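Read through the structure below, which is laid out as structure tokens, and then see the notes.
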Amino acid sequence: MKGIKWTGECAVNLFLLLISTFYLSYSLANYDIGSLRMPEEGFMPMLVGAGSVLISAVLTVQAFRGKGDAQNVKFNISWPRFFLLLGISLAYALLLNTLGYMLASFLFLLAVLRIAGVEGWNKPLCISLGCSVAFYIIFKVALGVMLPSGFLGL
């Protein structure tokens, strides 16, 4: 086909499209969606999957047409910071049930913000606390989602 050039951007976007499609199909096959008025556990994964498929499909088409923006992207990564974030994410997943949602999320967000370079302690503390409490209220109180309470019982 004329005008199609296989690039790394094409490969990455096609991979993301495949992963998104798998995620969407898995969530549709394994979880109940419910309705807009009474959403069930599969509603949010369905929305995330559908959005991911749509976005990655558009980006894949753009990449194959040579209209992607990968040539403008500069990949400059701090590998120690990357692996630190990866380790903190793993620790969060492993400690979520033990510490409970509130404490684990607060500590995780605080660590991520500090690693990201947010200056001082007041701003990261306020953002971490605010986000943890806000998501707790949204999911636990408003939507009735079961969240790990941990050893503190929160």
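The values are calculated or read from the model by the stated rules, or taken from the named source; none is laboratory data. Given the structure is predicted, the values throughout are model-derived calculations rather than measurements. Cβ atoms come from the backbone with ideal geometry, glycine included; neighbour counts cover every protein chain shown. Only protein heavy atoms, including side chains, enter the accessible area calculation; ligands, DNA and RNA are left aside. Shrake-Rupley method; radii C 1.70, N 1.55, O 1.52, S 1.80 Å.
Points to keep in mind about this one:
- Looking across I55, I115, one residue alone is in contact with a helix residue (DSSP H, G or I) (Cβ under 9 Å, 6 or more places away or on another chain) and either small (G, A, S) or within 26 Å of I19 (Cα to Cα) (or both). It is I55.
- Pair list, Cβ under 8 Å, 6 or more apart: segment 79-90 residue within 20 Å of F106 (Cβ to Cβ), other residue assigned to a helix (DSSP H, G or I): L84/I115; L85/V112; L85/I115; I88/F108; I88/A111; I88/V112; I88/I115; S89/F108
- Exactly one residue out of I55, I77, I138, I127 is closer than 26 Å to E9 by Cβ, at pLDDT 90 or above, open to solvent by 50 Å² or more (accessible area, probe 1.4 Å) and among the β-branched types (V, I, T): that is I55.
- Out of S105, S25, S89, one residue alone is modelled with pLDDT of 85 or more and farther than 24 Å from G150 by Cβ. It is S25.
- Any hit, segment 51-71, residues being closer than 30 Å to G150 by Cβ, in contact with an Asp or Glu (Cβ under 9 Å, 6 or more places away or on another chain) and not hydrophobic (A, V, I, L, M, F, W, C): no
- Unmet requirement for E41, which otherwise passes all of (1) in a helix (DSSP H, G or I); (2) surrounded by fewer than 17 Cβ atoms within 10 Å (Cβ to Cβ): (1)
- Out of S56, S25, one residue alone is out of contact with any Phe, Trp or Tyr (no Cβ under 7 Å at 6 or more places or on another chain) and over 29 Å from A134 (Cβ atoms). It is S25.
- Single residue of segment 92-106 satisfying the filter (among the aliphatic types (A, V, I, L, M) and in contact (Cβ under 8 Å) with a residue 12 or more places away in the chain) that is surrounded by the fewest Cβ atoms within 10 Å (Cβ to Cβ): L96
- Residue that is modelled with the lowest pLDDT [pool: residues in segment 58-69 that are exposed (fewer than 15 other Cβ atoms within 10 Å of the Cβ) and part of a helix (DSSP H, G or I)]: V61
- Checking each residue of segment 73-96 against the condition of being within 30 Å of W6 (Cα to Cα) and in a helix (DSSP H, G or I) gives at least one match.
Conditions tested, residue by residue: (1) touching a Phe, Trp or Tyr at 6+ places or on another chain (Cβ under 6 Å); (2) open to solvent by 60 Å² or more (accessible area, probe 1.4 Å); (3) modelled with pLDDT under 85; (4) in a loop (DSSP other than H, G, I, E, B).
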site	(1), (2), (3), (4)
W6	no, yes, yes, yes
L16	no, yes, no, no
L36	no, yes, yes, yes
G51	no, no, no, no
